[in-house]
Structures are given as structure tokens and as C-alpha cells.
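Just so it is clear, none of the values below were taken in a lab; they were calculated from the coordinates. These numbers were taken from a predicted model, which means no experiment stands behind them. Every residue, glycine as well, gets a Cβ built from its backbone with ideal geometry; the counts of neighbours run over all protein chains shown.
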């Protein structure tokens, strides 16, 4: 079994497309197909269902993909052990980041600073729902992620707390709620809501709070991008929940007119944590990135 066959297999399993996987591995599609067939011959089983779009793993392929990732990570760690002696860090760091984390944490600055400190590391940043990113770290598809760990429990992960932010209601100026000093969940039961997908961190916290209070919500629009959520709220489509502080300078002009109203009777907070696999299951680059963030975090807390 050749390592390049495993790399090509994992790329195709993750990308679900021969075109994207071949581009990621810098080979032609015919070469990728030949590599996958060679691996299937080695293991004695078909790993992908032929003729499906997107590409779909067989049960044998599903069984192999986690082991293949661990094998490739082990090889990378072996190479890195040698590089560590020389003081070098190389490889590929796959990071997950919350869409709104940049409003409270200097996520882009951390990425830039880490890149300058370790120019041999290539990075990929994915901004996806919190629950999905937690699962991806647990399954080895991401090396680490800035995410709210409390919205889902994934075994085998280390959690580094970064900050906690109160959640408030956002509504457009001119709406009746805009004049309120604070609101309760009971007052909001009849409101129209603009929301993110249920896998996003704040959405999962708010859904749980309404469920515990025995209340239901009328969600009139559901989107997967925070700027769009806030833009629709600014246009009067509905109200939503956001974490504070919210940096309006990073958002479109009409969003700056939003009124943020504290909640009364319940305290909701969105945590941001840095999660990665425990111990040696974490990649060398992920462990080094955590060290970098730990050193940079006091300056962020002092400025807040």
C-alpha cells in the first residue's frame, strides 16, 4: 500500500469530486482514478460507489477513511519529529473559524502572525456551522477549530477556552421592540425571527432556551451567513439573536442602525473555544497554533 494512494483516497473522500480532488492533489483525473483503483486492489474491496454524483463511499470506504487519515497523520508526525530537531515547522494546517469570531477575537491577525512565524506551513480556513466543525475535528477533517464547544460534545478533544460573550436581541429601528430597555423570552414568543441553520452555535443555544421555557418561535427566514441575517433584520424582516460586542464597522452600512437589546430573566452566553484532538492525535502544526494563541490571548483580554 503506497502513501500516495492513501492521500488520493482521502482527498476524494473529502472533496466528493474527482475534479476537486485531482486539483487538490495536483494530478490529472485519470491519475487519481488509477491511484484509487490501485488502492482498491490492495485492500480487496471497492471503496467508492461508481457513477454517483457527488462521489459516495461504500461501507468499506467509510471503514477505511478514518484509519487512512490516522496513517497519514502519523507519517506527517514522523517527518515533523525530524524537522523539530532543526527547529522547523512545515505541513498543512486546516483550521475552522466562526463567521463572527473576528468581531471579538483577532482571528485574521492570529492567522497572519502564525504564517509569518512558520512560513513552511500552508493553511486552509473553513467557516462552517459549529456542530459540523466539531465533528470534523473529531473525525480528522480539521486540525483545530475556533468554535463553541458547549453546543456539542465530541469525545477525544482538548478544549482551550478563549472568551464568553452575552447574547442579546437585535432588531431594526422603528420596530416596537426597539424602544425596550430589555426583553424576556416570553415577550418574543410571537415575534418573527431571521435565523441561521440549527447547527450554528447561537441558534442551538437559543433553541434550547426557548424549549426549556416551553415556548416556540416563528422563524420566517433561515440563512447560512451572519451578514445576511443582520441585513435582513435591518430591513425589518424579523429579529434575531447576536453575541455582544458586535463590531458594526465590519458590517454593511444599514446594519449599523440595528438596536441591541439585553435579555431579562435568562442569561445566554456564546463561548468561543479552540478545540483540537487530545495529545499526540493533534498535528504538530495544530499544537503549535494553540501555543501561539495562548501567548497572544492575554493582549486580547487586556484590551477588552
- [ ] Before anything else, pin down the relative contact order of the range 31-176: Cα pairs under 8 Å, at least 6 apart, normalised by residue count, whole percent.
- [x] 18 percent
Task: Global geometry of the chain, whether rounded, prolate or oblate, following the gyration tensor of its Cα atoms and the 1.5 cut on a/c - done: prolate
Open item on the list: Which of the three applies to the range 176-218, rounded, prolate or oblate, going by the alpha-carbon gyration tensor with a ≥ b ≥ c and a/c under 1.5 meaning rounded?
Closed with: prolate
Open item on the list: With a 10 Å cut-off between alpha carbons and a GNM built on the chain, which of 132, 259, 20 moves the most?
Closed with: 20
Task: Theoretical gain in end-to-end length, residue 37 to residue 186 [0.36 nm per residue, Cα-Cα removed] - done: 47.7 nm
TODO: Estimate the FRET efficiency between residue 280 and residue 58 by the formula 1/(1 + (r/R0)^6), using the beta-carbon distance for r and 30 Å for R0, to the nearest 0.05.
DONE: 0.50
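Is the range 183-243 best put as rounded, prolate or oblate by its Cα gyration tensor, with a ≥ b ≥ c the root eigenvalues, rounded for a/c under 1.5, and otherwise prolate when a/b is larger than b/c, oblate when not? Could the numbers behind the result be given before it?
Working: a/c = 2.02, a/b = 1.33, b/c = 1.52.
Oblate.
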Task: Sequence ranges 226-234, 204-212, ranked by mean other-Cβ count within 10 angstrom, highest first - done: 226-234, 204-212
- [ ] Using a Förster distance of 35 angstrom, determine the FRET efficiency expected from the C-beta separation of residue 139 and residue 215, and round it to 0.05.
- [x] 0.50
Task: Separation in nanometres of the label points that stand 7 Å from Cα toward Cβ, at residue 269 and residue 178 - done: 3.1 nm
Task: Listed residues 140, 156, 265, most fluctuating in the chain (Gaussian network, C-alpha, under 10 Å) - done: 265
